[in-house]
Structure formats: structure tokens, C-alpha cells
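Working notes for the structure below.
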Amino acid sequence: MRDAGKKDRGAITTPFAIQAASLAHAEALAAIHAACFPPGARWDAAAFAAQLSLPGTFAEIAPEGGMSLLRAVAGEAEILTLAVAPPFRRRGLGRALLDAAISAAARHGARVLFLEVAADNIAARALYTAAGFHPLGRRRHYYPDGGDALTMARDLSGK
Ligand SMILES: CC(C)(COP(=O)(O)OP(=O)(O)OC[C@H]1O[C@@H](n2cnc3c(N)ncnc32)[C@H](O)[C@@H]1OP(=O)(O)O)[C@@H](O)C(=O)NCCC(=O)NCCS
């Protein structure tokens, strides 16, 4: 376990204990995911277990209520999902998870990190932009609800 982030907000300091997730965390990952996404977009424990069994796929979990899932292959990585349960938002945990994901992707040999985010997801877009991701393109009607996705990328060569 390692302390992946601390954020000063005036008098409040919030430490997060972000750790690598294993198959044993599949239920916990699914529970956090279910708290963050609508029914049709949720991944259950079996889906997380299947993802974590794939080469190059790894997850991190914060007991406070956050998680990320990434895949790194051939020098490129992708954030498959990243989420913070509603009661724990706006405390810096999303940014701490993202910073941990960036470091983990670099450790797995990625030189660039990609992601997709719903065009109307203001919170996630602000999070990713503040962390150095830039927009690459737009996938129209990408999601089942007809919403567009933005693709974004971040260079990891300085990590
Ligand atoms: C996006 C998400 C992970 C942010 O988690 P969080 O813990 O609240 O994020 P942080 O507290 O670390 O905020 C980091 C930055 O993100 C931006 N941000 C976060 N929530 C925001 C909101 N509701 N509105 C605008 N900007 C927001 C801000 O720039 C913020 O920095 P600031 O607090 O200094 O202003 C969280 O809202 C979430 O899980 N949403 C549902 C799942 C999701 O959309 N995941 C991403 C797509 S895969």
C-alpha cells in the first residue's frame, strides 16, 4: 500500500491509501463502479475479474471509495474506467487516482495514455484537462444513450 496523494484544501488535508487491486478486489471494484455509473453501464465483479485476467490490464483501488482500471500494451495505455463514489467526490481522490494511474501506466512501459470521456461529463473532462490530457477527437453517438465521446491523450515521456 502506498500513499498516492495528499491534497491541501485550506485547513483540511486528505490522504488517500491507493493500492494495486487484484482479483480479490473484483467485488469491491464492481461496488464502486455501480455507485458511479447507470445500470446499463455498470461492470459486475465477473467483468472486473475477466478484465484483470487479461495481460497488461491492471487496477488500483482506494478504500475511501475510488478505483481505476487500465490496460497497457506495446507502449500505449488506456484508462478503461476511473471513478469515485459520490460521497467521496471533490476531495482530491479522483486526481490522486489519476496521478496513480499515470504513474502505473508509465511503469508498465507506456509512453502515451489514452481515454474516452462522455462529451457532457464536465467533471471528468475538467479532471483530465487539469492533469495534462488534450483532446484528440470526437466519436459521435458513441454511447448507448446517443451521447458523443471525446478521445483524449497524455504524453508520459516525462514520467
Ligand atoms: C470524475 C470523477 C472521477 C472526479 O472525482 P473527484 O474525486 O470528485 O475529483 P477531484 O476531487 O480529484 O477533482 C479534481 C478536479 O476535477 C474537476 N472536477 C471534479 N468534479 C467536478 C465537477 N463536479 N465539476 C467541475 N469540475 C470538477 C476539478 O477541476 C477538480 O479540481 P478542483 O477540485 O481543484 O476544482 C468523479 O466525479 C466520478 O467518479 N464521476 C463518475 C464516473 C466518471 O465520470 N468517471 C470518469 C469517466 S470514465
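The values are calculated or read from the model by the stated rules, or taken from the named source; none is laboratory data. Fair warning: this is a prediction, and the values are worked out from it, not measured in the lab. With ideal geometry, Cβ positions are generated from the backbone for all residues, glycine too; neighbour counts draw on all protein chains shown.
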Report summary line: Across segment 121-150, the tally of residues that are surrounded by fewer than 18 Cβ atoms within 10 Å (Cβ to Cβ), under 25 Å from A21 (Cβ atoms) and more than 10 Å from the ligand (Cβ to nearest atom) stands at 1
Query raised in the report: Restricted to segment 60-93, and to residues that are within 13 Å of the ligand (Cβ to nearest atom) and under 13 Å from F133 (Cβ atoms), which residue is surrounded by the fewest Cβ atoms within 10 Å (Cβ to Cβ)?
Result: E78
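Going through segment 108-120 one residue at a time, which ones are in contact with a Gly (Cβ under 9 Å, 6 or more places away or on another chain) and near the ligand (Cβ under 8 Å from one of its atoms)? Explain how you work it out, then say what you get.
Residues of segment 108-120 in contact with a Gly (Cβ under 9 Å, 6 or more places away or on another chain): 108-112, 118-120.
Correct list: A118 only.
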Requested in this report: Need at least 2 residues that are within 20 Å of L29 (Cβ to Cβ) per element, so show me which strands (runs of 3 or more DSSP E) inside segment 75-159 make the cut, counting only ones lying wholly within it.
Outcome: 76-84, 112-118
Report task. Please state which one of S68, S103 is hydroxyl-bearing (S, T, Y) and within 18 Å of P38 (Cα to Cα). Result -> S68
Query raised in the report: Taking segment 116-159 only, how many residues are out of contact with any Pro (no Cβ under 6 Å at 6 or more places or on another chain), at pLDDT 95 or above and farther than 20 Å from G40 by Cα?
Result: 21
